[in-house]
Each structure stands twice: as structure tokens, then as C-alpha cells.
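> Here you go, one structure.
The values are calculated or read from the model by the stated rules, or taken from the named source; none is laboratory data. Just so it is clear, the model here is predicted, and its values are computed rather than measured. Heads up, the Cβs are rebuilt from the backbone with ideal geometry, glycines too, and the neighbour counts pull from every protein chain shown. Side chains included, ligands, DNA and RNA excluded: accessible areas come from the protein's heavy atoms. Shrake-Rupley method; radii C 1.70, N 1.55, O 1.52, S 1.80 Å.
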Amino acid sequence: MALLALGACTGPAEPPPTSTSTEPVASEPRPSASPTVSLRTVAPKDLLIGSSVVGGGHLSGTDHPQPLESDAAYRQLLATQFATLTPENALKWASVEPARDTYDFAAGDAAVAFAEQHGEQVRGHNLMWHQSNPAWLTEGGFTPDQLRQILHDHISTVVGHYRGRIAAWDVANEIFDDYGRLQAGDPFTDALGVGIVADAFRWAHEADPAAVLYLNDYNVESSAAKRQAYLDLARQLLAQGVPLGGMGIQGHLSLQYPPFPPDFRSTLQAFADLGLDVAITELDVRMALTGGEATGDQLATQADWYRQAVAGCLAVARCVSVTMWGLPDTYSWVPATFTGQGAATPFIDDSTAKPAFDALVAALQAGRT
Ligand code: G3I
């Protein structure tokens, strides 16, 4: 299976802001016949194609790659291919409030500024989650009332800091387990129950009324119990007048569990039928690697799964964005989490696309159905 090398754009280090033209992105010819195209220029105007963004700010000194600062080709990929970016880690609690009432927006500011420089929207991620919480929070021995105040202050400060600059927020991330039960380990729902989620949305809305506020989780398309729990919660929140605006279906898929989730599209539609926006928020398709390499068959199947995911979104009018997670493969979270797995994104590295990229282009060009 031929791998396609995305040509480096000529001219300035980073391309000018978003082009509205459908002209191919200016680039040197790449080894394959097909010209370099930009996903955002072939996407329908009412569908934002996006990526997570890794790095920025002071984090560059860490032992983890920070490509937003250190990798010009990475910046160019993000600047030319996408219409929305999601800071992968910069806005999580451990990064943004490392000590109580002490905020560090450097990495988040770098990511948001980069997106704005290139005419891209930003999805904020996330305001409450059972992971990536700092020790001062998880080991602070706070009372429920204190935790409520801490969450209020965090949401008001963080969402307020980016007021008018972040179009959507993953307010509550992964609050149910795959059996539809409240996920253990979230310091706030552990202490205050699921009712605190409604307050989190209200506080986020007060801090930025323009932002669309999402629930967000993985396996919603494959676990009936989890899907039902979210449908029930969404209905309750809406009935209470809580400013819930969208449901994020993360879309972390694995070729080890075929077939492509048969309920993927109907899951998007079920939340859209509640009057919500829906978004695919963290799409990647991982696989078990033999000798560190993906086979041609795996790459072909992966391409088809990316196509099906985008086609599912295009078939649901309220599906507003498809965001991919951890690209390119070199920066993906998968190898560090799933030993022996990887190759989850449509790009091998900053300038080498895989068959999944061409499948994305074809699916986006096919448009809404
Ligand atoms: O930056 C610090 C570094 O200073 C420190 O030395 C090092 C010590 O381990 O940690 C570094 O932070 C790491 C961070 O990524 C930034 O690289 C964390 O250890 C590491 O756990 C964190 O992993 C992220 C993970 O969420 C947990 O926050 C992954 O990159 C990220 O892709 C993953 O994304 C999640 C979504 O937020 C929610 N949905 C599931 C998805 C996959 O788990």
C-alpha cells in the first residue's frame, strides 16, 4: 500500500491564515500522483475537521514531546489541515491549576493563540474528569462543600480566562463507566454525586455564555448501558434548563475489536434527536503492530473505519465536527497506553499521510448525505 508523503509547503515557515479557497494547498510535489489537499478545504462548510494539539508554553522542558514549540512541520500540518484544534493536555486540571488558586495558562494560551493565528476554532478540554487531577485536589481531604467551591472557582477562572476564544468546552469528561454507572475516581462526583454536573455546566455558561458545552466520553457508540446513561442524563439536564449544548463521542477505536461499531451513526443521531449538537471529539483507530509496522491490510481497514466515522457524522445534520486525536503517530498517546499498539492516526509523521488520509478526503468530498 503506497504511503503518501505530504509535500512541505513552500514560502513562510507557517502558511497564511485559513484559506477559504478549494485550491490545493501550495506544496512541493509529493512522491505520489495525488496533489496535497487540505482536509478543511474539502470538508463541507458546516463540518469542522480538527485535531488535538500537543504542547505549548512552559511544558517544553518536560520529558514528553512538545511539538507545538519544537516541530515546525507539526505546526504546519496543524495550520494547513484543520479548522478546529483541541489542546490535548494543556487545559486539564493538572496543567492549568497545579496548585490551589494558582493558574498556569502558558501552554493553553500558546495553543489557543496558534489556533487563532490560523483562523481555527478551539475546543476546550476538559473541566472535570477522573484523570489528570493534581495531588493537592485528590489528596486534599476537602469536604463536599469545599470541593464544590473549588470546582466553581476552577471553572469560572478557566472558562472566564478564555471567554470568547473557545467555541466549545468538554465540561464533564467520562463521568460514566462502560456499565452506565458513575465513574469512580472523579473527586467531584465521588463527593457530590452526579448533580454536580449540572452546576458545572451552569458555572461554565455563566463564565462564557457563547461557548457550546459538551458531555464527552468514549465507547458511547459500543456500550448500550453507557449510551443509555448519557441519554438519560442529557434529558434530565435539558429538562432542568441546564445549558447542555452537545454530546462528544470520542471515537477511540481499535482494529482488535471488529467490526466498525454498528451503532456509531445511530448513536450520533440519538443525541442529535435530543436537540443537541454532536461531535466526534477524539477519533483514532489503533491496531496491534507486528514488528512495529502496520500491514497493508491493517492500513486499508483503518482507512475504511476513518471513512465510516466521517460518513456517520456527515449523515447526521447536527454533527458539527470531527476531531482526530494525537496525530501524527509519532505523538500519539496509544503506544504509551497500549503496549504493542499504535499507528492510530492518518499520518505516520508530520509529512507522511496514510491511506486513512485519502479516505478522509474522499469522505469529506462526498459531503452530507
Ligand atoms: O507533561 C508532563 C511532564 O512534565 C511529566 O514529566 C510527565 C511525568 O509522567 O507527565 C507529563 O504529562 C503527561 C501528559 O500526557 C502530557 O504529555 C502525562 O504523564 C500523561 O498521562 C498524559 O497523557 C494524556 C492522557 O490523556 C492523560 O491526561 C495523553 O497525552 C492524552 O492523549 C490522553 O487523552 C485522553 C483524553 O484527554 C480524554 N479521553 C481519552 C484520551 C486518551 O486517554
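> At a Förster radius of 51 Å, what calculated FRET efficiency corresponds to the Cβ-Cβ distance of T295 and D153, to the nearest 0.05?
Given R0 = 51 Å and the Cβ-Cβ separation, E is 0.50.
> For segment 147-160, take each phi angle, set θ = phi - 60°, evaluate the Karplus expression 6.51 cos²θ - 1.76 cosθ + 1.60, and give the result in whole Hz per residue in order, putting x for glycine and proline.
Ordered by residue, 3J(HN,Hα) equals 5, 4, 5, 4, 5, 4, 5, 5, 5, 4, 6, 6, 5, x Hz.
> Taking the Cα-to-Cβ direction at D101 and at T337 and moving 7 Å from each Cα, how far apart do the two end points lie in nm?
For D101 paired with T337, the spin-label model returns 3.5 nm.
> Using protein chains only and a probe of 1.4 angstrom, how many square angstrom of D350 are accessible, to the nearest 10?
Here the accessible area works out near 20 Å².
> Follow-up question, since we're still on this one. Relative contact order of segment 39-366: what whole-number percent is it, with Cα pairs under 8 angstrom and at least 6 residues apart?
In percent, rounded to a whole number, it is 17.
> Tell me, what is the FRET efficiency for A210 and S132 to the nearest 0.05, using R0 = 30 angstrom and their Cβ-Cβ distance as r?
Efficiency for this residue pair is about 0.70.
> When the chain is fully extended, how far beyond the present Cα-Cα distance does D178 get from A362, taking 0.36 nm per residue of separation?
63.0 nm
> Still on this structure, I have one more. Taking a probe of 1.4 Å, how large is the accessible area per residue of segment 146-243, in Å²?
Heavy-atom accessible area per residue stands at 37 Å².
> Give the calculated FRET efficiency between Q117 and A315 to the nearest 0.05, with a Förster radius of 30 Å applied to their Cβ-Cβ distance.
That gives a FRET efficiency of 0.35.
> OK, next. Okay, helix-only estimate at 222 nm for the chain: each DSSP H run of n ≥ 4 adds -39500 (n - 2.57), divide by all residues, round to 500 deg cm²/dmol; what do you get?
Theoretical 222 nm ellipticity from helices: -10500 deg cm²/dmol.
> If the viscosity is 1.306 mPa s and the temperature 10 °C, what translational diffusion coefficient in µm²/s does Stokes-Einstein give for segment 39-366 when Rh comes from Kirkwood over Cα pairs?
The Stokes-Einstein estimate is 80 µm²/s.
> Carbon-plus-sulfur fraction of the accessible area of the chain, 1.4 Å probe, in percent?
Here it works out to 53 percent.
> Let me ask another. Under a 1.4 angstrom probe, counting protein chains only, how are Y230, Y331, Y218 ranked by accessible area, largest first?
Order by accessible area, largest first: Y218, Y331, Y230.
> A further question on this structure: Once Lys and Arg get +1 and Asp and Glu get -1 on their Cβ, which of Q298, G326, Q149 lies farthest toward the positive end of the dipole of the chain?
The residue sitting farthest along the positive end of the dipole is Q298.
> Same structure, new question: For a protection proxy built on the mean count of beta-carbon atoms within 10 angstrom, sort 282-288, 159-165 highest first, please.
Descending mean neighbour count gives 282-288, 159-165.
> I'd like the antiparallel share, as a percent to the nearest 5, of DSSP beta bridges with both residues in segment 39-366.
15 percent
> On to the next question. I'd like the orientation of helix 296-314 relative to the chain: the angle between its Cα long axis and the longest Cα principal axis, in ° from 0 to 90, rounded to 10.
Its long axis makes an angle of about 60 degrees.
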